[in-house]
Amino acid sequence: MSRIGKLPISIPAGVTVSVNDDNVVSVKGPKGEMSQAVHPSIKVEIVDSEIVFTIDEQNDSVEMKQKQAFHGLYRSLVHNMVVGVTEGFKKNLEVNGVGYRVQMQGNKLVMNLGFSHQVTMEAPEGIKVECPSANAIVISGADKQMVGQFAAQVREKRPPEPYKGKGIKYAEEHIRRKEGKAGKK
């Protein structure tokens with residue numbers, strides 16, 4: 001059995017969780033509403049304000065090893081939904097480089113990254129983007145996957161290079177620096 005899948009998820013106050021007949025888990029909280037379809041080989045039950053995941057032994061559509069993998073996967077996905085609708089998720093990015101700066105224009109993130117043109121990205125639905133300073137980006141939202149994906153797409157526009165460290169990096173990321181050419185003396 002999955003060690004992660006065995007752990008029950010406690011439902012915090014202000015969050016409502018429902019499981020319908022098609023094995024779709026819906027979570028509603030102060031920061032939004034999300035739903036996730038769960039594979040039929042996993043049973044989802046709400047017991048004493050906790051969500052419990054169990055493997056359906058009678059369902060022979062997949063082998064046991066795959067059922068165990070689904071057990072931990074769907075427990076993690078539903079846990080992320082519960083955390084997302086209560087606290088939300090956030091990614092901080094830093095922009096380093098001479099003349100590199102970012103700003104918000106309405107719902108669009110406009111970045112000057114050393115190209116001959118500005119790079120413009122529109123924030124997807126459910127994602128909030130802020131620029132507290134000219135070289136900082138804060139991406140937040142209820143869906144962990146969407147927040148991480150949008151942060152990766154922003155970072156992809158100018159990844160940090162190893163010689164001077166110029167580019168967009170995560171705030172907690174450490175860039176391994178390289179030495180330049182030695183040169184003759």
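The values are calculated or read from the model by the stated rules, or taken from the named source; none is laboratory data. Since the structure is predicted, the reported quantities are computational estimates derived from the model, not experimental observations. Cβ: placed from backbone, ideal geometry, glycine included. Neighbour counts: every protein chain shown. The accessibility values were calculated without ligands, DNA or RNA, using every heavy atom of the protein model including side chains. Shrake-Rupley method; radii C 1.70, N 1.55, O 1.52, S 1.80 Å.
Inside the range 165-185, residues that are surrounded by 14 or more Cβ atoms within 10 Å (Cβ to Cβ), over 30 Å from GLY32 (Cα atoms) and among the charged types (D, E, K, R) make up a count of 1.
Of all residues in the range 146-166, those satisfying the criterion of being touching a residue at least 60 places away in the same chain (Cβ under 8 Å) and either in contact with an Asp or Glu (Cβ under 6 Å, 6 or more places away or on another chain) or within 20 Å of GLY84 (Cβ to Cβ) (or both) are ALA151, VAL154. Please enumerate the residues belonging to the range 154-164 that are of a type in the set (D, E, K, R), part of a helix (DSSP H, G or I) and surrounded by 14 or more Cβ atoms within 10 Å (Cβ to Cβ). Once the filter is applied, which keeps residues that are of a type in the set (D, E, K, R), part of a helix (DSSP H, G or I) and surrounded by 14 or more Cβ atoms within 10 Å (Cβ to Cβ), the range 154-164 yields only ARG155.
Residues that are touching a helix residue (DSSP H, G or I) at 6+ places or on another chain (Cβ under 8 Å) and assigned to a strand (DSSP E or B) were ranked within the range 9-25; the one that is nearest to TYR74 (Cα to Cα) is VAL25. Within the range 47-69, residues that are under 24 Å from SER26 (Cα atoms) have Cβ atoms under 6 Å from residues that are in a strand (DSSP E or B) and open to solvent by 70 Å² or more (accessible area, probe 1.4 Å) in these pairs: GLU50/SER10; VAL52/GLU45; THR54/LYS43; ASP56/LYS43, counting only partners at least 6 apart in sequence or on another chain. Can you confirm whether the range 26-36 contains a residue that is of a type in the set (Asp, Glu) and either within 22 Å of the chain's Cα centre (by Cα) or assigned to a strand (DSSP E or B) (or both)? Yes, the range 26-36 contains at least one residue that is of a type in the set (Asp, Glu) and either within 22 Å of the chain's Cα centre (by Cα) or assigned to a strand (DSSP E or B) (or both). Return yes or no: is GLU122 within 30 Å of ASN20 (Cβ to Cβ) and not basic (Lys, Arg)? Here the answer is no, as GLU122 does not meet what is asked.
The set of residues from the range 40-56 being buried (at least 18 other Cβ atoms within 10 Å of the Cβ) and in a loop (DSSP other than H, G, I, E, B) comprises just one member, SER41. The set of residues in the range 57-89 that are of a type in the set (A, V, I, L, M), open to solvent by 40 Å² or more (accessible area, probe 1.4 Å) and in contact with a strand residue (DSSP E or B) (Cβ under 6 Å, 6 or more places away or on another chain) contains only LEU77.
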